[in-house]
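Let me begin by presenting the structure, written as structure tokens, before commenting on it.
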Amino acid sequence: MRKFYLLFAAMFAFSVVATAGVKNLFKQDFETVANPSDAGWSSPNLAGNMSILSDEEGSMFQFTLGNNNNRNAVMDFNYGLGDATIYDGQDLKNYSVTFTWCLKKNPQSTGNAANVQYSSEIAVLTPSVATSDVEGWKITKSINNGQYAANDSLRLFALTQLKGAYSETNQYWTDNADNSNFIYDFYINGDQNKVITLEEEGWYTITINVDTEARTADYEIFSLKDQDVLTTGTYNIPEYASVYAKGINVLLGRYNSAAQIDDVKVQAPVDGDFANAPTVALTGIDMNKRSYKIFFEDGEILHIKKTDGSEDTSVVSPYDYETETSGTLEVWTENGTATSERVVIDVVAEVIQLPAATVDITKVNAGYVKTLLIKADNTSVPTQPAITLTWEYSNGDKSDGEVASGAIYEAKEKGTLTVTTHAYGFGETTMTFENNTEFAVDTSIDFQHMDEATLTGKGFTEIDPLQSSEMKGENNWTARKRLWFGIENGEVNADGTAKYDTYVVYGPAETEGAEAIRRFTFPAANLNQEASRMFAPFYTWYTGEADPEVADGSDVAGLKMNYGIGLINIGCKGDGSSINYPNGIVGIEGLTDNDYYILYIVSDYGSSSAHPIYPVGTPAADARAMYKAGNIGDGTNVQVLRGTETFSLYRIDTAIARVDVFKATGDGIQEVNTGLVVSDQNAPIYNLNGVQVNPKTLTRGVYVKQGKKFIVR
């Protein structure tokens, strides 16, 4: 219903220019683009979370946050124009920006509701025209992660959630309070006296009419569900901001929130008649039948030449068209004396075979034991149907009917996995995966339990222990009491589970029984080619690009070992006190794509810390000793990589507890492709645009090294 109801919502645009034609300076309904970047979308730190989704109404843009803090995505109206803009050559006194928008549910953290940041925002951006800083004006940070411009800066319109964006003065904000009742209350244009409550996961059309001479932006918020205008108002554009919109910014607050956007238009009134080209959306596939919706502007007449040669016209958008005949679909519009360009679609009315499933090895063990992840990717399938799977292993194990993509099978023996993909209206496809490669542990490096003699022997020096209660930087390891165990106390919860008392292992000094974390560092100035291989075949992030003239190693990040936790990227180059080296690329030498290694990761955010529960009567001292001897994390952050892949270790708050290296052996050894390039930690790294980047200054995002994608988090 998004696109259909847009026609009614758009009545607000140019209501005062009844005699003018309307020209689309920019239009993006996401029906003809393959990916978000083709539509002008970019994200400085979360590009992999942008997507184009399709349903029975057509396609739309989606940005998801995942388990991250504030992140944003930006749509550029001038994408692909270089230094030009969509407004060039136009004598504009008025124009409008219109789009539909939905903020998906942000699941509340039941354990700590106040830790969830309801700080999402949707804003129409505009360039600055100031030549110097203006008080209260942040020049470009309004489109950066977690940054908010002053109330009237660099935007023509904004909806901002109450909590987070203006928390210092927010009337609803109280430290450690549960503000979930206000999730869908939004400020309008940063004005705390203008608050609107939106419906959970509701679709809304935002229309902004700009008067370039009066420097005003009249806005309207329209509910597609209720078919009603919720509010209108006027925003006065400041002198240091341009009156011309340059794009849309979507900011999402943690965790797991998502925004969807559709039907973006920048329109202007023109003298005389003007006809805009229609858009054709493939909305349904049923074997050889194809269903389309054809969208066009209000007041225009649509002409359709169908695949069978017949013709039709319509004044109601969208126009529904179905066919089982292959051929050419041709559509265009007319408005008075004007005729639009013609849109031609080649229709192939034949059964489409689904793509074959993929089987990824997500964990290996000695022998043929493997964890297999079975997936089906619908992104390349027209209309992106929900693909289900059926699978069967050669030992008789099988799925319980059709299951969703992402199924897990624990293979215990040599055999063949057969997988078939299914979706209504599409042809099924079957593939097989041969589990015929045997593995054996080649190397295991236990950073978490590495003793003092080993560390000092490799050149590490012990520094002050960590036992602070302050919540700054790496102090999270102790301040937030991330590492603890429980001992059952004999009582039972209402659901029948055993109650237990918690005991902190490493925590602040004032916590009973808590210990300090011993810390050992390896100076960056000493991290050369040889030292970076002190844990061979594992190598650290020394890139070979260090400048020998820089004696203090300020262009290389040092190492740190938190005793009982693991190896940590210190986050600073040389002896610098600021965090300026966010990621360190690590890997294993001498492996091929047929080999695997497993990284056990522990984070001071607590999600991957081990919390074992010991039985009633266990002495606390014994439990503490067992915890220290066995803790490798709780298994929620186990990274399984092929031999040639690398891992980007984030700074300070993330530790590698252990590395296990598995090599192919036995009857699988003949399958090793000896022509594969062995992992090279000094190989160049490229972004997704193919531009080589500096490996020492990677920001969060997706990159490519030796033909393999990896994610910097």
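Checking the Cα-Cα distances for K104/K363; K458/K560; K194/K265; K370/K414 against a 21 Å cut-off, the pairs over it are K104/K363; K194/K265.
Accessible surface for the range 284-372, divided over its residues, is 48 Å² per residue with a 1.4 Å probe. The stretch between N69 and S444, if pulled fully straight at 0.36 nm per residue, gains 131.6 nm over its current Cα-Cα span. Anisotropy class assigned to the range 283-328 is oblate, per the alpha carbon gyration tensor with a/c at or over the 1.5 cut-off and a/b no larger than b/c. With contacts taken as Cα pairs under 8 Å and at least 6 residues apart, the range 587-642 reaches a relative contact order of 57 percent. Computed from backbone phi with θ = phi - 60° and the Karplus coefficients 6.51, -1.76 and 1.60, the 3J(HN,Hα) list for the range 78-89 is 9, 4, x, 9, x, 7, 7, 10, 5, 8, 4, x Hz; x is used for glycine and proline. Between E199 and T618, the C-beta separation translates, for a Förster distance of 41 Å, into a calculated FRET efficiency of about 0.20. Classify the range 232-288 from the C-alpha gyration tensor, please: rounded if a/c falls under 1.5, else prolate or oblate depending on whether a/b exceeds b/c. In terms of gyration-tensor shape, oblate.
If each residue of separation counts as 0.36 nm, what is the full-extension length gain between N528 and T337 once their alpha-carbon separation is subtracted?
Values: separation 191, 0.36 × 191 = 68.76 nm, distance 7.41 nm.
Taking 0.36 nm per residue and subtracting the Cα distance, the gain is 61.3 nm.
Treating r as the C-beta distance of E434 and V33 and R0 as 41 Å, the FRET efficiency rounds to 0.60. Shown in residue order for the range 424-441 are the 3J(HN,Hα) couplings computed by the Karplus curve 6.51 cos²θ - 1.76 cosθ + 1.60 at θ = phi - 60°: 4, x, 10, x, 6, 9, 10, 9, 10, 10, 9, 8, 10, 10, 8, 10, 9, 5 Hz (x for Gly and Pro). For the range 360-400, the relative contact order is 23 percent, taking Cα pairs closer than 8 Å that sit 6 or more residues apart in sequence and dividing their mean separation by the residue count.
Test of understanding: what is the full-extension gain from D312 to K499, defined as 0.36 nm times their sequence separation minus their Cα-Cα distance?
60.2 nm
For the listed residue pairs K289/K375; K27/K289; K23/K289, the alpha carbons are over 30 angstrom apart in K23/K289. Computed from the C-beta positions of E330 and D397, the FRET efficiency with R₀ = 45 Å rounds to 0.30.
Under the rule a/c < 1.5 gives rounded, and otherwise a/b versus b/c splits prolate from oblate, where does the range 34-78 land using the Cα gyration tensor? It comes out oblate by the Cα gyration axes. Under the simplified labelling scheme, the S380-V344 pair shows an inter-label distance of 2.7 nm, with each label point 7 Å from Cα along Cα→Cβ. The mean sequence distance of close C-alpha pairs (under 8 Å, at least 6 residues apart), as a share of the length of the range 251-380, puts its relative contact order at 20 percent. With both labels modelled 7 Å from their Cα along Cα-to-Cβ, the A404 to V351 distance reads 2.8 nm. Extending 7 Å from Cα along the Cβ direction at L373 and again at D273 yields two label points whose distance is 5.7 nm.
The values are calculated or read from the model by the stated rules, or taken from the named source; none is laboratory data. Here the structure is a predicted model, which means the values were calculated and not measured. Note: ideal-geometry Cβ built from the backbone for every residue, glycine included; neighbour counts use all protein chains shown. Only protein heavy atoms, including side chains, enter the accessible area calculation; ligands, DNA and RNA are left aside. Shrake-Rupley method; radii C 1.70, N 1.55, O 1.52, S 1.80 Å.
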